[in-house]
Amino acid sequence: MHYAALASGSKGNCHALSDGERTLLVDAGISLRQIRQRLDAVGWAPDRVQALALTHEHSDHIGALGVILRRTHWTILATAETRRAASRAQGVEIPHDRWIELKAGEPVDWAGWRVLPFALPHDAEDPVAYRVEAHGQACAVVTDLGHPTALVADHLQDLDLLVLEANHDVDMLREGDYPPQLKARILSRVGHLSNAAMAELLARACTARLKDVVLAHLSESNNHPDLARFAAEEVLRGSAIALHVAHQRNPLALSGTPDGGNP
Ligand SMILES: [Zn+2]
Ligand SMILES: [Zn+2]
């Protein structure tokens, strides 16, 4: 399996998973044009994208949904609540014949891949993260959660790749110039994951199988990549796990198994 972070942060999120045959996107918070350009930039064929899995209806995750429905034939994976909320937010309708209904906690088979959405504590209708298993490998994309839960930690066992939110440094956020209400929202139990909370969750996800960790959804105002990296390195010290940081504007691609073709 191959993974690419096409965009990650409050201005738009898009992750891509591919086995060389087909590509699944998780979220589409940047334009379709940018999605295609960034796939091209990392050497992935844009025409291999076949489906888009939505995590929740916030605009930094679904901003391109309307254009994608009009200009592509991609299948949309989403829970019923997220489908409804996303349709309302973007003024579009996800047609029944292009929709795979998800329920948190219930895996679906997508083209032979096992796609398991699981619930997150976040202030959206029915937010989920994804654990995807295919070709003997397992990876998870986990962003937009206010605090680590036991249920989330349970889904992060025996992964090969973990993409995990490291949104803010609590002191930078507290001392920064965000309005008090916005600070309170981000710091709440249903807001975003701090570097310290990320480290706590990462410690619970560190199994012998884990090879790569990608820190994601970093705030450009309330975090610094070095701070997020340092918090994760404290946990990963002594292990052979590779640490990466996803970026808002520059795509990052990791190649996986040797048997996977060129995505
Ligand atoms: Zn969100
Ligand atoms: Zn977000």
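Scan Ala119, Ala111, Ala124, Ala129 and give me the residue that is in contact (Cβ under 8 Å) with a residue 60 or more places away in the chain, of a type in the set (Gly, Ala, Ser) and within 24 Å of Leu210 (Cα to Cα). Spell out how you get there, then give the answer.
Values: Ala119 fails: in contact (Cβ under 8 Å) with a residue 60 or more places away in the chain; Ala111 fails: within 24 Å of Leu210 (Cα to Cα); Ala124 fails: within 24 Å of Leu210 (Cα to Cα).
Result: Ala129 is the single residue among Ala119, Ala111, Ala124, Ala129 that is in contact (Cβ under 8 Å) with a residue 60 or more places away in the chain, of a type in the set (Gly, Ala, Ser) and within 24 Å of Leu210 (Cα to Cα).
Condition check ((1) under 15 Å from the mean Cα position of the chain (by Cα); (2) assigned to a strand (DSSP E or B); (3) acidic (Asp, Glu); (4) within 21 Å of Val213 (Cα to Cα)) across all residues:
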{"site": "Thr55", "(1), (2), (3), (4)": "yes, no, no, yes"}
{"site": "Ile68", "(1), (2), (3), (4)": "no, no, no, no"}
{"site": "His73", "(1), (2), (3), (4)": "no, no, no, no"}
{"site": "Ile76", "(1), (2), (3), (4)": "no, yes, no, no"}
{"site": "Leu151", "(1), (2), (3), (4)": "no, no, no, yes"}
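Touching a strand residue (DSSP E or B) at 6+ places or on another chain (Cβ under 8 Å), touching a residue at least 24 places away in the same chain (Cβ under 8 Å) and over 19 Å from Leu120 (Cα atoms): which single residue out of Leu161, Leu210, Leu202 fits that description? Explain how you work it out, then say what you get.
Working: Leu161 fails: over 19 Å from Leu120 (Cα atoms); Leu202 fails: over 19 Å from Leu120 (Cα atoms).
The match here is Leu210.
Could you identify the single residue in Arg229, Arg185 that is over 18 Å from the mean Cα position of the chain (by Cα) and closer than 23 Å to Thr149 by Cα? It would help to see each step written out before you state the result.
On the way: Arg229 fails: over 18 Å from the mean Cα position of the chain (by Cα).
Result: Arg185 is the single residue among Arg229, Arg185 that is over 18 Å from the mean Cα position of the chain (by Cα) and closer than 23 Å to Thr149 by Cα.
Scanning segment 54-80 for residues that are β-branched (Val, Ile, Thr) and buried (at least 18 other Cβ atoms within 10 Å of the Cβ), which turns out farthest from Arg36 (Cα to Cα)?
Thr79
Asp158 passes all but one of (1) away from ligand 2 (no atom under 16 Å from the Cβ); (2) of a type in the set (Asp, Glu); (3) surrounded by 18 or more Cβ atoms within 10 Å (Cβ to Cβ); which number fails?
Looking at each condition in turn, Asp158 falls short on (3).
Every residue, every condition in (1) over 14 Å from Ala246 (Cβ atoms); (2) surrounded by fewer than 24 Cβ atoms within 10 Å (Cβ to Cβ); (3) within 17 Å of the chain's Cα centre (by Cα); (4) without any contact (Cβ under 8 Å) to a residue 24 or more places away in the chain, yes or no:
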{"residue": "Gly20", "(1), (2), (3), (4)": "yes, yes, no, no"}
{"residue": "Leu39", "(1), (2), (3), (4)": "yes, no, yes, no"}
{"residue": "Val42", "(1), (2), (3), (4)": "no, yes, no, no"}
{"residue": "Leu52", "(1), (2), (3), (4)": "yes, no, yes, no"}
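Just checking, does segment 224-238 include any residue being buried (at least 22 other Cβ atoms within 10 Å of the Cβ), outside any loop (DSSP other than H, G, I, E, B) and either within 16 Å of ligand 2 (Cβ to nearest atom) or of a type in the set (Val, Ile, Thr) (or both)?
yes
Looking at segment 6-18, which of the residues that are within 11 Å of the chain's Cα centre (by Cα) and of a type in the set (S, T, N, Q) is farthest from ligand 2 (Cβ to nearest atom)?
Ranking the candidates gives Ser8 first.
Select from segment 1-53 the residues that are assigned to a loop (DSSP other than H, G, I, E, B) and away from ligand 1 (no atom under 16 Å from the Cβ) and list them in ascending order.
Looking only at segment 1-53, we keep the residues that are assigned to a loop (DSSP other than H, G, I, E, B), and these are 1, 8-13, 19-22, 27-31, 42-45.
Correct list: Met1, Asp19, Gly20, Glu21, Arg22, Ser31, Val42, Gly43, Trp44, Ala45.
Just one of (1) within 27 Å of Ala196 (Cβ to Cβ); (2) away from ligand 1 (no atom under 16 Å from the Cβ); (3) buried (at least 16 other Cβ atoms within 10 Å of the Cβ) trips up Leu120, so point out which.
Status for Leu120: all satisfied but (2).
For the structure I just gave you, tell me whether Arg209 is within 16 Å of ligand 1 (Cβ to nearest atom) and modelled with pLDDT of 95 or more.
no
Taking Arg33 as the residue in question, decide whether it is touching a residue at least 24 places away in the same chain (Cβ under 8 Å), at negative phi and out of contact with any Cys (no Cβ under 7 Å at 6 or more places or on another chain).
For Arg33, the condition - touching a residue at least 24 places away in the same chain (Cβ under 8 Å), at negative phi and out of contact with any Cys (no Cβ under 7 Å at 6 or more places or on another chain) - is not met.
The values are calculated or read from the model by the stated rules, or taken from the named source; none is laboratory data. Since the structure is predicted, the reported quantities are computational estimates derived from the model, not experimental observations. Reconstructed Cβ throughout: ideal geometry from the backbone, glycine too, with neighbour counts over all protein chains shown.
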